[in-house]
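J.: Got a structure for you, written out below as structure tokens; questions coming shortly.
The values are calculated or read from the model by the stated rules, or taken from the named source; none is laboratory data. Keep in mind the model is a prediction, meaning the values are calculated, not measured. We place every Cβ from the backbone using ideal geometry, glycine too, and count neighbours over all the protein chains shown. The protein model used for the area step is the full one, side chains on, heavy atoms only, and it has no ligands, DNA or RNA in it. Shrake-Rupley method; radii C 1.70, N 1.55, O 1.52, S 1.80 Å.
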Amino acid sequence: MFTGIIEELGKIRHITKNKIEIECSEVLQQTKIGDSIAVNGVCLTVCGLENNIFTADISQETFNVTTFNQLKTGDFVNLERAMSANGRFGGHIVSGHIDATAICKNLIRNGEFYTLTFELPDDCTKYVIKKGSITINGISLTIANVENKTIKIAVIPHTYENTTLKTMKIGDFVNIEVDIMAKYIEKFLSTSDNKSKIDYNFLQKNGYL
């Protein structure tokens with residue numbers, strides 16, 4: 001499990017359809033073979049360590065459904081180690097399993113702050129709400145507004161400058177992981193033998209939706 005709080009930017013040394021090598025330093029402290037590291041929000045298993053470089057295998061599915069198929073040598077990626085049992089929960093629950101990719105439609109600077117607009121695939125829109133959480137390239141962010149298939153994200157200067165958001169351009173694609181709690185609620189409410197009194201109207205009435 002991850003929290004969406006980026007620890008470091010790593011630099012891609014080499015990437016193929018089935019393997020990635022990343023140069024970094026901070027996230028490798030006390031890291032060992034078999035540990036999990038989120039790379040742009042994708043949970044990968046460390047399979048090789050040498051100096052300040054770690055190697056991870058990429059499945060065909062991961063390569064196809066994430067932005068990994070657009071990455072190249074020299075690109076920077078957001079990195080986060082799996083959360084330790086006694087760690088502080090700074091963001092929200094992030095599994096590292098990408099739901100889809102989304103496209104950046106607009107980027108506006110407001111003084112030192114930024115507003116980013118993303119267009120989501122149709123099957124992700126039901127999981128997003130205003131003031132809800134979403135993970136974009138591994139970054140835990142709060143949704144400022146939702147309109148049809150687009151969401152707006154207000155980004156503080158620290159997050160912008162210390163993640164790959166600072167190099168983002170209109171038209172770029174990003175990895176999206178919606179709030180896993182929304183999926184659990186959907187599953188619970190759609191179960192055919194659900195006999196509880198909790199339904200959509202109950203959640204809406206009590207401020208959960």
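J.: What nm distance separates the two modelled labels at Lys166 and Phe113, each placed 7 Å from Cα along Cα→Cβ?
T.: Using points 7 Å along Cα→Cβ, the separation is 2.0 nm.
J.: Now for a separate question. Calculate the FRET efficiency for Lys32 and Ile103 from the Cβ-Cβ distance with a Förster distance of 41 Å, rounded to the nearest 0.05.
T.: On the way: r = 37 Å, r/R0 = 0.90.
Approximately 0.65, to the nearest 0.05.
J.: Name all residues of the range 1-25 having a backbone nitrogen under 19 Å from the label point set 7 Å from the Cα of Lys183 along its Cα→Cβ direction, giving them as ranges.
T.: Zone members listed by number: 1-5.
J.: In addition: For the range 64-73, just list the computed ³J(HN,Hα) in residue order, Karplus coefficients 6.51, -1.76 and 1.60, θ = phi - 60°, integers in Hz, with x standing in for Gly and Pro.
T.: Couplings: 6, 9, 10, 7, 4, 6, 10, 6, 8, 4 Hz.
J.: Just to confirm, what accessible area per residue do you get for the range 12-66 at 1.4 Å probe, in whole Å²? Show your work: numbers first, answer last.
T.: Details: 2870 Å² over 55 residues.
For the range 12-66, the solvent-accessible area averages 52 Å² per residue.
J.: Mind checking which lysines have their Cα closer than 24 Å to the Cα of Lys183? Skip sequence neighbours fewer than 8 apart in that chain.
T.: Answer for Lys183, where 24 Å is the Cα cut-off: Lys126, Lys130, Lys131, Lys149, Lys152, Lys195, Lys197, Lys205, listed by chain and number.
J.: Show which aspartates and glutamates lie in cross-link reach of Lys105 when reach means a straight Cα distance below 19 angstrom and same-chain residues fewer than eight apart are skipped.
T.: Glu119, Asp122, Asp123, Glu147, Asp172, Glu177
J.: Now a separate question. Which lysines does Lys32 reach when only Cα atoms under 24 Å apart count, and residues fewer than 8 places away in its own chain are ignored?
T.: Qualifying lysines at Cα under 24 Å: Lys11, Lys17, Lys19.
J.: Within the chain, what whole-number % of the accessible surface is contributed by carbon and sulfur, with the 1.4 Å probe and all protein chains included in the calculation?
T.: Ligands and nucleic acids excluded, carbon and sulfur reach 50 percent.
J.: A follow-up question, please. Would you mind working out the magnitude of the charge dipole of the range 1-122 relative to its Cα centre, with +1 at each Lys and Arg C-beta and -1 at each Asp and Glu C-beta, to the nearest 20 Debye?
T.: Working: 10 positive and 15 negative charges, 22 e Å.
Once rounded to the nearest 20, the dipole reads 100 debye.
J.: Note the listed values (1) 16.4, 53; (2) 17.8, 56; (3) 18.5, 59, then indicate which one is Rg and Dmax of the Cα atoms in Å calculated from this particular structure.
T.: Here the calculated entry is (2).
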